[in-house]
Amino acid sequence: MEHCGWCNLSEEDKRFQVYEGTFWSVFLSDEQDYIGRCILVLKRHCGSLPELTDAEWQELRMLICRLETCLKTVLGATLCNWSCLMNSFYKESEPDPHLHIHVRPRYDQPVTVNGNTYTDRAFGHHYAVKESGAIPADDREAVFTRLKEWLNR
């Protein structure tokens with residue numbers, strides 16, 4: 001836990017936090033390979049889904065429903081891909097995984113942010129791992145603001 005990046009987030013790391021619940025925080029991902037991509041992070045150090053408490057599961061379910069509705073309403077997502085992949089932690093000599101879940105919104109129509117159009121070229125297929133996630137800073141800020149306002153209303 002002492003060296004866990006999720007347990008030791010700086011204020012700068014928290015800059016793109018769109019929602020904070022009792023047990024979970026939601027962040028707009030640095031990588032916007034899929035516009036609106038977010039990460040749900042458990043607020044306590046925990047290594048796997050089976051270790052969640054009933055209350056953590058309950059809040060996670062609520063967040064999944066709420067965030068998916070938000071992404072569909074605010075950005076026009078057609079569906080969302082959810083993944084809990086802990087592989088990167090096991091590249092370390094002493095793995096210390098921290099539970100987090102990625103959501104990648106998928107779009108059958110282009111998404112426009114600040115006049116820039118983003119197209120999900122692989123819609124209907126598995127998401128691409130090596131897609132470029134770079135979008136202009138003002139577009140990322142606009143997506144962040146839209147999601148945060150909707151989730152915190």
Query raised in the report: Right, Leu63: among the aliphatic types (A, V, I, L, M) and touching a Leu at 6+ places or on another chain (Cβ under 7 Å) or not?
Result: yes
**Report entry** Matching entry among Leu99, Leu63 (being under 15 Å from Val26 (Cα atoms), in contact (Cβ under 8 Å) with a residue 12 or more places away in the chain and touching a Ser or Thr at 6+ places or on another chain (Cβ under 9 Å))
**Finding:** Leu99
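Is it the case, given these coordinates, that Val111 is under 18 Å from Ser25 (Cβ atoms), in contact with a Phe, Trp or Tyr (Cβ under 7 Å, 6 or more places away or on another chain) and not small (Gly, Ala, Ser)?
When the stated conditions are applied, Val111 does not pass them.
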Report summary line: Here the residues within region 31-60 that are touching a Gly at 6+ places or on another chain (Cβ under 7 Å) and either small (Gly, Ala, Ser) or in contact (Cβ under 8 Å) with a residue 60 or more places away in the chain (or both) are Glu31, Gln32, Asp33
Query - Test: residue in region 35-48 that is modelled with pLDDT under 95 and among the hydrophobic types (A, V, I, L, M, F, W, C) - result: yes
Report summary line: Counting only residues that are surrounded by 13 or more Cβ atoms within 10 Å (Cβ to Cβ), out of contact with any Gly (no Cβ under 9 Å at 6 or more places or on another chain) and under 29 Å from Glu59 (Cα atoms), region 84-122 contains a total of 3
Query - Among (1) in a helix (DSSP H, G or I); (2) without any contact (Cβ under 8 Å) to a residue 60 or more places away in the chain; (3) loosely packed, with under 15 Cβ neighbours inside 10 Å, the one test that Ser10 misses - result: (1)
Query - Selection status of Asp54, farther than 19 Å from Val18 by Cα, acidic (Asp, Glu) and surrounded by 19 or more Cβ atoms within 10 Å (Cβ to Cβ) - result: no
Report task. Filter the strands (runs of 3 or more DSSP E) completely within region 45-153 down to those with at least 3 residues that are in contact with a strand residue (DSSP E or B) (Cβ under 8 Å, 6 or more places away or on another chain). Result -> 79-83, 100-106
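Output yes when any residue across region 58-73 is among the β-branched types (Val, Ile, Thr) and out of contact with any Phe, Trp or Tyr (no Cβ under 8 Å at 6 or more places or on another chain), and no when none is. Outline the logic, then answer.
The initial filter retains those residues of region 58-73 that are among the β-branched types (Val, Ile, Thr), namely 64, 69, 73.
Cutting the leftovers down to out of contact with any Phe, Trp or Tyr (no Cβ under 8 Å at 6 or more places or on another chain) gives us 69.
Within region 58-73 (the criterion being among the β-branched types (Val, Ile, Thr) and out of contact with any Phe, Trp or Tyr (no Cβ under 8 Å at 6 or more places or on another chain)), the answer is yes, since at least one residue qualifies.
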Report summary line: Restricting attention to region 57-83, the residues that are hydroxyl-bearing (Ser, Thr, Tyr) and surrounded by 14 or more Cβ atoms within 10 Å (Cβ to Cβ) number exactly 2
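Conditions tested, residue by residue: (1) closer than 30 Å to Thr119 by Cβ; (2) at pLDDT below 90.
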residue	(1), (2)
Ser10	no, yes
Lys14	no, no
Thr22	no, no
Glu59	no, no
Val74	yes, no
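The values are calculated or read from the model by the stated rules, or taken from the named source; none is laboratory data. In this text, all values refer to a predicted model and were calculated from it rather than measured experimentally. Cβ atoms come from the backbone with ideal geometry, glycine included; neighbour counts cover every protein chain shown.
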